[in-house]
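Taking it in order: structure first as structure tokens, then the write-up.
Laboratory data are not the source of any read-out in this text; all were calculated from the coordinates shown. Remember, predicted model here, so these are calculated numbers, not experimental data. Because the Cβ atoms are built from the backbone with ideal geometry, glycine has one as well, and the counts that use them run over all protein chains shown.
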2 protein chains.
Amino acid sequence: MLRISKLTDYGIVLLVRFAQEASGTTLTAREMSEATELPLPVVSKMLKSLASADLLASQRGSRGGYQLARQPEAVSVAEIIEALEGPIALMECVAAEGLCDQESHCGLRAPWQRINSAIQTTLTRVSLAELAADTPPRHQTTLAIA
Amino acid sequence: MLRISKLTDYGIVLLVRFAQEASGTTLTAREMSEATELPLPVVSKMLKSLASADLLASQRGSRGGYQLARQPEAVSVAEIIEALEGPIALMECVAAEGLCDQESHCGLRAPWQRINSAIQTTLTRVSLAELAADTPPRHQTTLAIA
DNA sequence: ATTTACAGGACTGAATTGGTCCGATATGTT
DNA sequence: AACATATCGGACCAATTCAGTCCTGTAAAT
């Protein structure tokens, strides 16, 4: 299916949320959980990951929380994905040489690398800011019925 | 890691092998297993998948085997991936509407779809023939030592 | 008949993913 | 000092997915 993991997806949703706030706004895990309707433990986990990848800055203690470490224009989707799930590599052999034991007699490594870097470029060109801009404003338009 | 599955990878390796033969060449699962050094059950399984996706044509019985169903120029990498692991979709919500229960309040679907289709286009533009051409000829250059 | 090969499954073990929970630490408030 | 609020850094577990095997049936050629 060529998909990114759900957790990574959540991470991006969270970052987009931050990008939609005024620059420098600090938000807690609880607040983010409420805003995104994602379970607190999950949000908490992902915020920690994002912080340790230096995409978010964290502040501990009461009055603590998280904020974007950089301007949303300066963060690419590729970077986020790489931070959360490692190098963008369609298959092992693309990530690094010597990982695939078929390498000697397969010969597909070169073409795959070209394809892979095209995809990587695509994802590098999209910034968090663009994602956030594209996303409709957050006020509730319709409520679930029943 | 944004990767395709190993099995899909094997499938592509097999197709490339066919593409390197003279057009219309029939090969058995056993022959393919030997050529690629992949275990026969795996090769067998993947050839069956490829056949049922109409990427290969199969012939039963003695003197049977598989051959490319189309010219390698007319088969795209995107098509192969889709045949083996379903629609190319970075995340559920891209594959079809209504799959993600966050859809109403997430708003990232549109931007993701643009990104996704860029990737899809990239993969559509690469043909099996190109993969095969890129791949060095198959004679053994070095042998594993010890 | 017998042999060769594909068809279509079921099945299993291992790895990954998605998600929860807990104890420790830092920081502001009273 | 004590307390409340938050993050930090794990361990942990259930469920799914993945990779790989195997078996029974059917088609075709000799």
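A few notes on this one:
- Partners of residue A:6 within straight-line reach, counting aspartates and glutamates whose Cα lies under 16 Å from its Cα and excluding those fewer than 8 residues away in the same chain: A:37, A:82, A:85, B:92, B:101, B:103.
- Listed residue (A:4, A:41, A:86) projecting farthest to the positive dipole end of chain A, Cβ model: A:41
- Once the Cα-Cα distance is subtracted from the 0.36 nm per residue extended length, the residue B:45 to residue B:109 segment shows a gain of 19.5 nm.
- Exam field: residue B:30 pseudo-label spacings to other copies (7 Å along Cα-Cβ), nanometres: 7.0
- Relative to one another, the C-alpha centroids of the stretch B:11-43 and the stretch A:1-63 are positioned 46 Å apart.
- Full extension of the chain segment joining residue A:26 with residue A:73 gains 15.1 nm, where the gain is 0.36 nm per residue of separation less the Cα-Cα distance.
- Ellipsoid semi-axes in whole angstrom, largest first, where each is sqrt(5λ) of the Cα gyration tensor of chain A: 34, 17, 15
- All aspartates and glutamates inside 13 Å of residue B:48 as judged from Cα atoms, apart from same-chain residues fewer than 8 positions distant: none
- Whole-Å distance, taken between Cα centres, linking the stretch B:74-111 and the stretch A:64-112: 20 Å
- Overall, the protein assembly as shown carries a charge dipole of about 240 debye about its Cα centre when +1 sits on the Cβ of Lys and Arg and -1 on the Cβ of Asp and Glu, all other atoms neutral.
- Helical mean residue ellipticity (222 nm; -39500 (n - 2.57) per DSSP H run of 4+; nearest 500) of chain A: -15500 deg cm²/dmol
- With at most 15 other Cβ atoms within 10 Å, longest stretch of chain B clear of loop GluC sites (Glu not before Pro) (DSSP): B:38-96
- 7 Å along Cα→Cβ, label-point gaps from residue B:5 to other copies, nm, shortest first: 1.8
- FRET efficiency, residue A:99 to residue A:5 (Cβ-Cβ, R0 22 Å, nearest 0.05): 0.65
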